[in-house]
Amino acid sequence: MLDDAPIVFPSPTIPAAGRAEVFVRYLDYFRESLLAKTSALPEAELRSSRLPSGWTPLELVKHLRFVELRWIEWGFQGRDVGDPWGDRRDDRWHVGPSETLAGLAAALRAQGEHTTAVITGSDLTAVGQPGARWDGADPANLERVLFHLLQEYARHLGHLDIVAEIAGGPTGE
């Protein structure tokens, strides 16, 4: 495992200072759950797929880092991020042979730190900057972007649960 700290589910019964703190807690929980599940898999399972769609657990880690990059930096902040689709090649997720779980995990955590800084430093009703991320639509506010990120993580973590179960790894919350 990459980090031995326990992953605590952000229960609705734990008081929070506001909605921003709730978003941060859930995103942190999902990120660390993803990394705990992938780090419990053998290297061969990280780089192979058990599904007809063909994605691998390493590709999922890289994809979710880029999801945050696309929605927070490229979308909400309107920044030039170079290649916002750097997790894709030939219309599918891609991880190069030299990319490792440790490197991808560090990139995901660093992206998460940036996301947290944006959440805690912005009003949730603030509207994103106009730009290519919105594909011609009006930019969404930060709260809508964060709801999208939560559903993206929850959905993909469920996918990973299935893959980990088939591979004999950890599942569930």
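Taking amide H positions as placed 1.01 Å from N in the peptide plane, with prolines and chain starts having none, which residues 5 or more places from Arg88, or on another chain, fall under 5 Å of its amide H?
Correct list: His94.
Is there a quick way to get the dipole size of the chain? I mean about its Cα centre, with the Cβ of Lys and Arg at +1 and of Asp and Glu at -1; what is the value in debye to the nearest 20?
Dipole of the chain, to the nearest 20 debye: 160 debye.
Among Arg31, Arg89, what's the order by accessible area (1.4 angstrom probe), most exposed first? Before the final figure, lay out each step's value.
Values: Arg31 10, Arg89 130 Å².
Most to least solvent-accessible, the answer reads Arg89, Arg31.
Is the shape of the stretch 110-173 rounded, prolate or oblate, going by the alpha carbon gyration tensor and its root eigenvalues a ≥ b ≥ c, with a/c under 1.5 for rounded and a/b larger than b/c for prolate?
Numbers: a/c = 3.18, a/b = 2.12, b/c = 1.50.
In terms of gyration-tensor shape, prolate.
Against the longest alpha carbon principal axis of the chain, how many degrees, from 0 to 90 and to the nearest 10, is the axis of helix 101-120 turned?
20 degrees
Rounded to the nearest 10 Å², what accessible area does Arg19 have for a 1.4 Å probe in the complete protein model?
Approximately 130 Å² for this residue.
Where does the stretch 50-109 land on Rg/Rh, using Cα atoms and the Kirkwood Rh?
Radius of gyration relative to Kirkwood radius: 0.99.
Taking the Cα centre of the stretch 89-173 as origin, work out the dipole magnitude from +1 charges on Lys and Arg Cβ and -1 charges on Asp and Glu Cβ, in debye rounded to 20.
140 debye
Kirkwood Rh over alpha-carbon pairs of the chain, then Stokes-Einstein at 4 °C and 1.567 mPa s: what D in µm² s⁻¹, rounded to an integer?
77 µm²/s
So what's the gap between the Cα centers of the stretch 37-104 and the stretch 120-173, to the nearest angstrom?
14 Å
The values are calculated or read from the model by the stated rules, or taken from the named source; none is laboratory data. Being a predicted model, the structure only gives us computed values, none of them experimental. When we count neighbours, we look across all protein chains shown, and the Cβ atoms used for this are built from the backbone with ideal geometry, even at glycine. With ligands, DNA and RNA removed, areas are computed over all heavy atoms of the protein, side chains included. Shrake-Rupley method; radii C 1.70, N 1.55, O 1.52, S 1.80 Å.
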